[in-house]
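Q: Attaching a single structure in structure tokens format; questions to follow.
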Amino acid sequence: MTAGLPPPAPGCTPARVLTVAGSDSGGGAGIQADMRTFALLGVHACVAVTAVTVQNTTGVSGFHEVPPEVVAAQMESVVPDIGVSAVKTGMLASAPIIESIAAAATRLGIGTGRGVPLVVDPVCASMHGDPLLAAEALGALREVLFPLATLVTPNLDEVRLLTGVEVVDDASARAAAAALHDLGPRWALVKGGHLRGSDQSPDLLYDGTDFIELPAVRIDTRDDHGAGDTLAAATVAALAHGRDVPAAVAFAKDWVTRSLAAAYPLGAGHGPVNPLWRLSRPAG
């Protein structure tokens, strides 16, 4: 599955993408995780920073929001000049930031029906449970950004916050996928990585008609920081290389599974997933 996204030849302009997300001072998640995966998958990444977090492997002790107009200005600076083939969002922090991003995306032709696919990773809290999104911003995610999304990629805690559905099995995962799709995205992905008590890590992709199951064996590791960011980033890279949504998500599922298998310990808490495994293998 990891074949097919080779790096560009020297001197050739690669596919371009944009990540709109927060900075992780510990380097494990957020923009830092996105940039690692983008570089390893041969795409040039532009950045719009939404927040600067104060965090390490044990948790988030605070964050500083970038003014909404500055977030939008970053997008409007790079997209017309450099051009992008796909966009992802991560930590968005507040309703005003979400609203500014949605308005800028609409102006720039980003999102469903606008030509450039948009992957929304609705980051609500860190893996330690530290809040990364104001409670009142959930409504802005649902009402303003999800209708623009080509794909949304919440984990199970985020699914519960967004839809009220507690995923415990396949039937509830399908109900959650349908509830997410009803909020407006073209595709909804319910990730099963937080479904504990199983040796499987099942994901479920839904377009309003068909359910696509994406099974994988669960990787037994506590070093899983940045897994959601890495999955969304790999999906965006695959979309930028011309894959359709099901193929891009299947590629990303394999990518993050391999990155979990190669994860390393770091600091006193949870280490990061490790896409650097690719450096020890052929790039084809």
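The values are calculated or read from the model by the stated rules, or taken from the named source; none is laboratory data. Just so you know, these numbers come straight off a predicted model, no measurement behind them. Cβ placement follows ideal geometry from the backbone for every residue including glycine, while neighbour counts extend to all protein chains displayed.
Q: Assuming residue 262 fulfils every condition listed in (1) without any contact (Cβ under 8 Å) to a residue 40 or more places away in the chain; (2) under 14 Å from the mean Cα position of the chain (by Cα) apart from one, which condition is it?
A: Residue 262 satisfies every listed condition except (2).
Q: Going through region 116-167 one residue at a time, which ones are within 19 Å of residue 205 (Cβ to Cβ) and more than 17 Å from the chain's Cα centre (by Cα)?
A: Matches in region 116-167: 160, 163, 165, 167.
Q: A further question follows. Since residue 55 meets every condition but one in (1) surrounded by 22 or more Cβ atoms within 10 Å (Cβ to Cβ); (2) touching a helix residue (DSSP H, G or I) at 6+ places or on another chain (Cβ under 8 Å); (3) not basic (Lys, Arg), which condition does it not meet?
A: Among (1) surrounded by 22 or more Cβ atoms within 10 Å (Cβ to Cβ); (2) touching a helix residue (DSSP H, G or I) at 6+ places or on another chain (Cβ under 8 Å); (3) not basic (Lys, Arg), residue 55 violates only (2).
Q: Which members of region 6-46 meet the condition of being of a type in the set (A, V, I, L, M, F, W, C), surrounded by 24 or more Cβ atoms within 10 Å (Cβ to Cβ) and in a loop (DSSP other than H, G, I, E, B)?
A: Selection gives 29, 41.
Q: What residue, among those in region 77-91 that are assigned to a helix (DSSP H, G or I) and among the hydrophobic types (A, V, I, L, M, F, W, C), is surrounded by the fewest Cβ atoms within 10 Å (Cβ to Cβ)?
A: Within region 77-91, the match that is surrounded by the fewest Cβ atoms within 10 Å (Cβ to Cβ) is 82.
Q: With the requirement that a residue be more than 18 Å from residue 36 (Cβ to Cβ) and outside any strand (DSSP E or B), what does region 47-76 give you? I'd like the intermediate steps shown before the answer.
A: Initial filter on region 47-76 (more than 18 Å from residue 36 (Cβ to Cβ)): 50-52, 54, 58-76.
Within region 47-76, 58, 66, 67, 68, 69, 70, 71, 72, 73, 74, 75, 76 meet the criteria.
Q: Using the structure shown, decide if residue 94 is touching a helix residue (DSSP H, G or I) at 6+ places or on another chain (Cβ under 9 Å), surrounded by 15 or more Cβ atoms within 10 Å (Cβ to Cβ), over 21 Å from residue 153 (Cβ atoms) and of a type in the set (S, T, N, Q).
A: no
Q: Exactly one of (1) in contact with a strand residue (DSSP E or B) (Cβ under 9 Å, 6 or more places away or on another chain); (2) under 22 Å from residue 172 (Cα atoms); (3) of a type in the set (Val, Ile, Thr); (4) at pLDDT 95 or above is unmet by residue 230. Its number?
A: Tallying (1) in contact with a strand residue (DSSP E or B) (Cβ under 9 Å, 6 or more places away or on another chain); (2) under 22 Å from residue 172 (Cα atoms); (3) of a type in the set (Val, Ile, Thr); (4) at pLDDT 95 or above, residue 230 fails exactly one: (2).
Q: Further question on the same structure: Against the condition of a type in the set (Ser, Thr, Tyr) and touching a strand residue (DSSP E or B) at 6+ places or on another chain (Cβ under 9 Å), how does residue 100 come out, does it pass?
A: no
Q: Which members of region 117-163 meet the condition of being surrounded by fewer than 21 Cβ atoms within 10 Å (Cβ to Cβ) and in a strand (DSSP E or B)?
A: 125, 131
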